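What follows is a set of notes on a single structure, which appears directly below.
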Amino acid sequence: MKKIFSLSVLALVLSFATQAQFVVRIRPAAPLVRVRPACPSPRHVWVGGNYNWRGGQYAYTDGYWALPPANSRAWVDGYWKNKRRGWVWVPGHWRRF
């Protein structure tokens, strides 16, 4: 019973950690040049670039081609959201049908 409870608490903590939002006063500028390689197949979908929190600041990661997960067809790009104290990055996600 203790093991199940411990695993449940760990899963809850990890889910909050992956959804953390860091507020910045000035949002980073978009990269000037974005390179999109050729699509590997008609089934692939472009997953837009993302900003990850590293070393106390947001760092841009280029997009990539991916096969959609089961029951998902469209990628919704991430975006900057203006909050009361600054800007936060809302990550992209797969939209389900």
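One table, with the values for the structure above:
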| read-out | value |
| --- | --- |
| Under Karplus coefficients 6.51, -1.76 and 1.60, residue-wise ³J(HN,Hα) of segment 65-73 in Hz, glycine/proline x | 8, 8, 7, x, x, 4, 6, 10, 10 |
| Spacing of the two label points (7 Å from each Cα toward its C-beta) at residue 41 and residue 53, in nm | 3.6 nm |
| Net charge, residue 71 excluded, C-beta distance under 14 Å - Lys, Arg +1, Asp, Glu -1 | +3 |
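Each reported figure results from applying straightforward, stated rules to the coordinates on display, with no laboratory input. What you are looking at is a predicted structure, and each value in this text was computed from that prediction instead of being measured. Cβ sites come from the backbone with ideal geometry, for glycine too, and all protein chains shown count toward neighbours.
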